[in-house]
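The values are calculated or read from the model by the stated rules, or taken from the named source; none is laboratory data. Remember, it's a predicted structure, so these values are computed and weren't measured experimentally. Backbone-built Cβ (ideal geometry, glycine too); neighbour counts: all protein chains shown. The area values use the complete protein model at the heavy-atom level, side chains included, leaving out ligands, DNA and RNA. Shrake-Rupley method; radii C 1.70, N 1.55, O 1.52, S 1.80 Å.
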Amino acid sequence: MAASQSKRRHKARRRADMSLLGGIRPPIAVFATLLLALAGVTALGLGSVKHKALPEAVLTSQQHFAEDGAVALRASLDEGVTDLRRVAGMFSAGAPASPDTVLDKVGSTYQKWRGTAVIEIESGKLLAARGENVPFRAIDRTKLGEPDGLAPRMIRLANGETRLMSFALLTWDDKPQQLLVATNSLRFPGISLGKFRAIAVVDSEGTILSSDGIPEPEQVLTDLQRDEVKESNRQLKVFAEQAVKDNNRHPQTTKEPGSGGFLGISGSIVGDTFRGDRSVAGYATLAPPKAGPGTIATGLGLTVVAMVKVMEDPTSSINPLYGLVAAGALLLIGALVVAVLMGTVQRPLLKLFLESRRLARGDLRRPVTVPPYGETARIGQALERLRVQLGGEPADTRPTSRLRRRLGASLLIVLCAALVLSWAAPVALLVNRAGNTVVIPQQLVDDQRERTDTISDRVRRSLNEGHADLTSVGRLIGDETDPKDMRAVLERTAYEHKRYRSLYVLDGKGEVIVQTGHKPRHPGGQAPSEEPIAMLGEGGKEPIVAGYAEIPGRGGAAIVGEFRTDFLNSLLKRPGLGQVRVVDAERRVIGGNNGFLPFKKLPNKQLDALAQGSAQKVGMYPRPSGVQFRDGDDVQLAAAAPFSGGGPAKSLGWSVVSWQKPNGMAIPAYVLQNRTVLAGLLALTAAAACLGWLHIIVAKPLRALTGQAEALADGDRRTVLFPRHHDEVGAVARSLELVRQALQDRQRRDGAQAVPAGRN
């Protein structure tokens, strides 16, 4: 009974000495688990990559295209409502004007509304109208005073088309209040559709309110074309209904984690095949430009659907068995590494631990079992010498063999790392490389070109809108406004439009009369520029784009608005386009979606030649261009789109250039390459972490303990042995310390017995 209790106490003490997180077992066990998990991931990840007739990258590109359309439509609708209300506010702040004067000035400054009208609210009488007929009789004048009485609303005309009706109040003292009404279509401003693409605006019920890109049946000539038009309309309707159903999802679930960008709900849909072409669509809801409350347009519940026909590639070039082969090779190497670690490091150390505890308890009956090589062999040999010394016999002084000294735990760990590296390095660097034979779908090249053209038009329209604002403000200031009132007008304009960094008024000699915002960058003493939009600060650290609008009746005075650089750059930040730059007529960079050097050339001659070629006129206007560059294994998609529309910004001769490498796209060849590289890197990471852990926790303390054990066996009784960790190596150190103390006690006893004998 007493022996059983003693045995249990011994086991309890042994368990207390072992740390749950330390020792040699945890790193080897974790390493084996990680290699097993990585083998499974390799088999599933690489084996599941198959050639798809329609790559995922094409679907993602359609999603981004729909997001571009939603951004453009939301900005256009919000800008229209804001401009109408701002113009009405400016007229209301001045002297009373006739309805015809109001509409004439509105129409000459902004060409964005299909129809405008002024109505007397009290009587409902139409005072003036321009453009298409405004259905003002559908307006309930009794509800205009309610909180949302002036909110824009959608109406359907007799011909089936939908219009967005916006309202603003014209208020003067001693005059009946008037209502300024404007109607706008729900068509997209400046969206480049290219060939075989259609885009539509869908309401919350799935009804198509407007569409572009599909010709009317009477516009085509053959029965085949009529069948294609019929099928396109049917497919677009199906896509619209499906998109509305998918809008109930959370925005974060519709995009890849960390992708950012569009804040609304977006996605892609695969449709049917017709005459060998597959219909695919992207959809996106109207979302605010930044997180926070929505805008006027986002409250309309509209969705943009963009549909395109894509030719599928049925050929297959990826072997699905590669994942199993790679995983099997990793399992074999992992099993060998774990066997080496357990057989040459773990087991000898555990045996050494037991032998050291036996000596510490005073059991000297049998020799110490010495491991064959490494630090454990040297410590085992030292323990055997100490056992002999504890027994009072002369110790063996033969030196440790060179083999035992060289074959240490660190060398074995390096050998295991080399085994893992023999699998990881080829996988990460050589295997499954896409090379220069990878097939890039033509649709991606087309989308790069069309999306770049859309951004180019958006930048041009933003500059034109800014100049129109300046023109409107200049006409409001006129020839009688004093500087105090000018400042009030400029401050209100800067508050309503965040696109300006500075607003100021110059007289005919170029002197600043009044300004708000940052310090003017217009050269002092120079008359206002004759160009409506000009570049300031050329050659400096920051390109400044400024708009000039003459103030009537002030002898050449002009209002100047300097656009914020980050405002223009924000127009270029669209996901899925890579690097985007705005270049001037000399192809110098003046804006970008990320870091750039102002007034420098494009990164390479190919992009420069592309921008130069696209700026050449083809017919009446220059055309956007999209190409695929190949230089060895380096593949790059690039596009250039010059300013091709009208307005003051056209004279700038600017272009938007974009480029990106497709190796990050969801193309099967690149997906397989990226997953293969990831598998190799994960193996290297697992090896570095676990083997490094083993080296720090076991190998280094074991090497230090080897020297201490040999010094103790050589006669050093003064150096105290402290364990570094509560693990096997630490337990051996504690046992050696107990042996040292026992040797000291024996030495003191022998000395005490020798002194009296000498005296006698």
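Computed with every protein chain present, the accessible area of residue 460 is close to 20 Å² [probe 1.4 Å]. Taking every C-alpha pair closer than 8 Å and separated by at least 6 residues, the mean separation divided by the residue count of region 190-251 gives a relative contact order of 30 percent.
Put simply, the amide H of residue 545, placed in the peptide plane, has neighbours under 5 Å in 536, 563, leaving out anything fewer than 5 places away on its chain. For residue 175, give me every one of the lysines with a C-alpha distance below 18 angstrom, ignoring sequence neighbours fewer than eight places off in its own chain. Here the lysines satisfying the reach criterion relative to residue 175 are 125. Modelled spin-label separation between residue 651 and residue 677, with each label point placed 7 Å from Cα along the Cα-to-Cβ direction: 4.8 nm. Derived scalar couplings between HN and Hα for region 196-202 equal 6, 10, 9, 9, 9, 10, 10 Hz in order, rounded to whole Hz, by the Karplus curve 6.51 cos²θ - 1.76 cosθ + 1.60 (θ = phi - 60°), x for Gly and Pro. Summarising the amide proton neighbourhood of residue 724: residues at separation of 5 or more, or on other chains, whose placed amide H is nearer than 5 Å comprise an empty set. Using the average count of surrounding beta-carbon atoms within 10 Å as a protection proxy, the listed peptides 721-727, 289-295, 222-228 rank, highest first, as 721-727, 222-228, 289-295.
Roughly how many percent of the accessible protein surface of region 51-131 is carbon and sulfur, given a 1.4 Å probe and a whole-percent answer? Answer for region 51-131 is 51 percent, counting heavy atoms of protein chains only. When only Cα pairs below 8 angstrom with a gap of at least 6 residues are kept, the chain shows a relative contact order of 16 percent. Once R0 is set to 22 Å, what does the formula 1/(1 + (r/R0)^6) return for the Cβ-Cβ distance between residue 629 and residue 594, expressed as a FRET efficiency to the nearest 0.05? Working from the Cβ atoms, E equals 0.65. The alpha-carbon of residue 605 sits under 14 angstrom from the alpha-carbons of these aspartates and glutamates, leaving out residues fewer than 8 places away in its chain: 586, 631. Here the chain carries DSSP beta bridges of which approximately 100% are antiparallel, counting only pairs with both residues inside. Note that region 711-720 has calculated 3J(HN,Hα) couplings of 5, 5, 5, 7, x, 6, 9, 9, 6, 7 Hz, one per residue in order, obtained from phi through the Karplus relation 6.51 cos²θ - 1.76 cosθ + 1.60 (θ = phi - 60°); glycine and proline are x. In region 622-684, a dipole from Cβ-located charges (positive for Lys and Arg, negative for Asp and Glu) runs towards its positive end, and of 625, 683, 669 it is 625 whose Cα lies farthest in that direction. The residues of region 367-502 expose, per residue, 46 Å² of accessible area to a 1.4 Å probe. Going through (1) 63, 29, 22; (2) 79, 33, 26; (3) 104, 30, 24, the figure that equals semi-axes √(5λ) of the Cα gyration tensor in Å as computed for the structure here is (2). Across region 340-394, C-alpha contacts under 8 Å between residues 6 or more apart give a mean separation that, scaled by the residue count, equals a relative contact order of 31 percent.
Heavy-atom accessible area, probed at 1.4 angstrom with all protein chains present, ranks 693, 654 as 693, 654, highest first.
Computed on protein heavy atoms with a 1.4 Å probe, the accessible areas place 239, 599 in the order 599, 239, largest first. Using θ = phi - 60° in the Karplus curve 6.51 cos²θ - 1.76 cosθ + 1.60, the 3J(HN,Hα) couplings for region 527-534 round to 5, x, 4, 7, 7, x, 9, 9 Hz; x is entered for Gly and Pro.
In plain terms, the chain from residue 204 to residue 433 could stretch by 77.8 nm, reckoned as 0.36 nm per residue minus the Cα-Cα distance.
From the cross-link list 541/573; 541/601; 143/237, which pairs have alpha carbons spaced over 24 Å apart? Result: 143/237 exceed 24 Å.
Annotation: amide H-H contacts under 5 Å for residue 502 (H modelled 1.01 Å from N, sequence separation of 5 or more, or interchain): 518, 562. Candidate cross-link partners of residue 195 among the lysines, defined by an alpha-carbon separation under 18 Å and a same-chain spacing of 8 or more, comprise 230, 309.
When 484, 105 are compared by accessible surface with a 1.4 Å probe, the order from highest to lowest is 484, 105. For the chain, what does -39500 (n - 2.57) per DSSP helix run (n ≥ 4), summed and divided by total residues, give at 222 nm, in deg cm²/dmol to the nearest 500? After summing the helix terms and dividing by residue count, I get -15000 deg cm²/dmol. Sorting 72-79, 436-443, 40-47 by average packing, meaning the other beta carbons within 10 Å per residue, from highest down gives 72-79, 40-47, 436-443.
Between residue 224 and residue 513, residue separation times 0.36 nm minus the direct Cα-Cα distance comes to 97.4 nm. Ordering of 339-351, 355-367, 657-669 by packing is 657-669, 339-351, 355-367, highest average first (other Cβ atoms within 10 Å, averaged per residue).
With 0.36 nm allotted per residue and the present C-alpha distance subtracted, the residue 425-residue 339 stretch has 28.8 nm of extension available.
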